[in-house]
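Chemist: The structure's right below; bear with me while I get my questions together.
The values are calculated or read from the model by the stated rules, or taken from the named source; none is laboratory data. Please read these numbers as outputs of a predicted model, since none were measured by experiment. Positions of Cβ are backbone-derived with ideal geometry, glycine not excepted, and every protein chain shown enters the neighbour counts.
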Amino acid sequence: MRKFVTVYSVLALLFCLQIVFGTDVMAAVTESTGGLSAADGLTELWNFTGFANLHGSYSNLIMIAVGLFFIFLAVKYDYEPLLLIPIGTGILLGNIPFSEGYKIGIYEQGSVLNYLYFGVEQGIYPPLIFLGIGAMTDFSSLISNPKLMILGAAAQIGIFATFLGASAIGFTPQEAGAIGIIGGADGPTAIFLSSKLAPHLMGAIAIAAYSYMALVPVIQPPIMRLIIPKKERAIKMKPPRAVSKTEKIMFPLIALLLTTFISPSALPLLGMLFFGNLLKESGVTERLADTARNSLINIVTILLGVTVGASTQANVFLTTDSLKIFGLGALSFVVATAGGLLFARFLNVFVNKDNKINPLIGAAGVSAVPDSARVVQMEGLKTDPNNHLLMHAMAPNVSGVIGSAVAAGIMLSFLMK
């Protein structure tokens, strides 16, 4: 390798010296590099470039186009830019053709990207993301109206429907379980579960989960309008009651114990989620809460996005299984959204006239926080400019986060070898 670097660094200078000193200089340099001539050096340089390493296959270029498309969606349409720009850039990094053996690729032991990818493979980044989410989440709307938690649970039907669908088309139970979590529309949970059950599918699962999270404003509105009549979309809900500080402090403690006793396998996710929320609500650890919801989550989001994107090397990612996963992911997201909406309508049958639920908030049961709640708000305002649903939608939205983590823990308990 050293002799090649020598040639690359002095190649331009050799031609100038050749003019001044004649052929003796070239001969001396050739001898000093072990017989490697300038032409050989240029050949080696060419062989090292990405152009030469395409090897007649354009799969890398396809993935590069996908990465550029993700960045375009983020910049042009503001679709989850904090996720799509790191992921899109990671896809570019992971699909520049290179010669193996130089510790460049994300799957090469000892490479920088491989070290960063360790946090994905071992499920380190998702709990840290959950810590930040907990520190920035206000559970007041859920505490004030606990029955809305049922909507978050109802939306998790997408997880189990996708699990059955993946099993039906030939995936193993472990692979189907990892794929199914896409239905929860929760990227960190999908990465956490796939790192345990199906690491070889992690890239496709993560990209599918984050893609559909980013496309919430595109996918959900047509389903809302199809399932919920305009009259029901116009229902106005009572303002949430005021929640005391004591209730806010007690909630993460009670929820932590309850959910982790039900699903101990989800402890890394749920434990960090409620720990982050306790930092926020206790009122005495503001510095820690601020770090968790700002600096820490930003750093981890960058590392997670870039490494997940880089894991989509064309030779690993472009397979029929990946296409199946994307198809199942789309189906699961539709089923999850429809499940939340339909159950909200069903719940209204048992609620008196003065406490009717606007069924639109059922769509927020998918745990794409806070985008699905914002979509509910926008759809409510389109029906009635004075109908504000954001605070109500946050209840099923945050319960969807909890529900998807519990579902992941249950699957992990049954399917972990």
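Chemist: Please indicate, with yes or no, whether at least one residue in region 330-341 is under 28 Å from residue 113 (Cα atoms) and in contact (Cβ under 8 Å) with a residue 60 or more places away in the chain.
Modeler: no
Chemist: Filter region 101-118 down to the residues that are in contact (Cβ under 8 Å) with a residue 12 or more places away in the chain and in a helix (DSSP H, G or I), then identify the one that is surrounded by the fewest Cβ atoms within 10 Å (Cβ to Cβ).
Modeler: Taking the candidates together, the pick is 116.
Chemist: Condition test on residue 194, is it out of contact with any helix residue (DSSP H, G or I) (no Cβ under 6 Å at 6 or more places or on another chain) and either more than 22 Å from residue 377 (Cα to Cα) or buried (at least 23 other Cβ atoms within 10 Å of the Cβ) (or both)?
Modeler: no
Chemist: Filter region 342-360 for residues that are without any contact (Cβ under 8 Å) to a residue 24 or more places away in the chain and closer than 15 Å to residue 393 by Cα and give the result.
Modeler: The answer is none; no residue qualifies.
Chemist: Within region 107-117, is even one residue farther than 30 Å from residue 361 by Cβ and acidic (Asp, Glu)?
Modeler: Checked against the condition, which is being farther than 30 Å from residue 361 by Cβ and acidic (Asp, Glu), region 107-117 yields at least one hit.
Chemist: Moving on to the next point. Answer yes or no: is there a residue in region 323-343 that is more than 30 Å from residue 198 (Cα to Cα), in a helix (DSSP H, G or I), in the same structural domain as residue 162 (by TED's automatic domain parsing) and not aliphatic (A, V, I, L, M). Steps first, answer last, please.
Modeler: In the first step, residues of region 323-343 are kept if they are more than 30 Å from residue 198 (Cα to Cα); the result is 341-343.
Cutting the leftovers down to in a helix (DSSP H, G or I) gives us 341-343.
Within this subset, residues satisfying the condition of being in the same structural domain as residue 162 (by TED's automatic domain parsing) are 341-343.
Imposing the further condition that a residue be not aliphatic (A, V, I, L, M) reduces the set to 343.
Yes, that holds for at least one residue.
Listed here are the residues, each with its yes/no results for (1) at pLDDT 90 or above; (2) in a loop (DSSP other than H, G, I, E, B); (3) not acidic (Asp, Glu); (4) not assigned by TED's automatic domain parsing to the domain that holds residue 215.
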position	(1), (2), (3), (4)
9	no, no, yes, yes
44	no, no, no, yes
70	yes, no, yes, yes
75	yes, no, yes, yes
79	no, yes, yes, yes
89	yes, no, yes, yes
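Chemist: Can you name every residue in region 290-315 that is among the hydroxyl-bearing types (Ser, Thr, Tyr), in contact (Cβ under 8 Å) with a residue 60 or more places away in the chain and not in a loop (DSSP other than H, G, I, E, B)?
Modeler: Scanning region 290-315 gives 301, 307.
Chemist: Still on this structure: If I filter region 354-378 down to residues being farther than 12 Å from residue 232 by Cα and among the charged types (D, E, K, R), which single residue comes out as surrounded by the fewest Cβ atoms within 10 Å (Cβ to Cβ)?
Modeler: 354
Chemist: Kindly list the number of the only condition in (1) farther than 17 Å from residue 80 by Cα; (2) touching a helix residue (DSSP H, G or I) at 6+ places or on another chain (Cβ under 8 Å); (3) among the β-branched types (Val, Ile, Thr) that fails for residue 207.
Modeler: (1) is the only condition that residue 207 fails.
Chemist: Among residues belonging to region 364-417 that are of a type in the set (D, E, K, R) and farther than 16 Å from residue 193 by Cβ, point out the one that is modelled with the lowest pLDDT. Reasoning before the result, please.
Modeler: Within region 364-417, the first condition is being of a type in the set (D, E, K, R), and the residues that meet it are 371, 374, 379, 382, 384, 417.
Within this subset, residues satisfying the condition of being farther than 16 Å from residue 193 by Cβ are 371, 374, 379, 382, 384.
On the way: 371: 86, 374: 91, 379: 93, 382: 93, 384: 92.
Ranking the candidates gives 371 first.
Chemist: Which one is surrounded by the fewest Cβ atoms within 10 Å (Cβ to Cβ), of the residues in region 210-255 that are more than 23 Å from residue 362 (Cβ to Cβ) and of a type in the set (Val, Ile, Thr)?
Modeler: Going through the qualifying residues, I end up with 246.
Chemist: Kindly provide the set of residues from region 256-280 that are surrounded by fewer than 19 Cβ atoms within 10 Å (Cβ to Cβ), in contact (Cβ under 8 Å) with a residue 24 or more places away in the chain and over 20 Å from residue 297 (Cα atoms), ordered by number.
Modeler: If the condition is that a residue be surrounded by fewer than 19 Cβ atoms within 10 Å (Cβ to Cβ), in contact (Cβ under 8 Å) with a residue 24 or more places away in the chain and over 20 Å from residue 297 (Cα atoms), then 262, 264 are the ones that fit.
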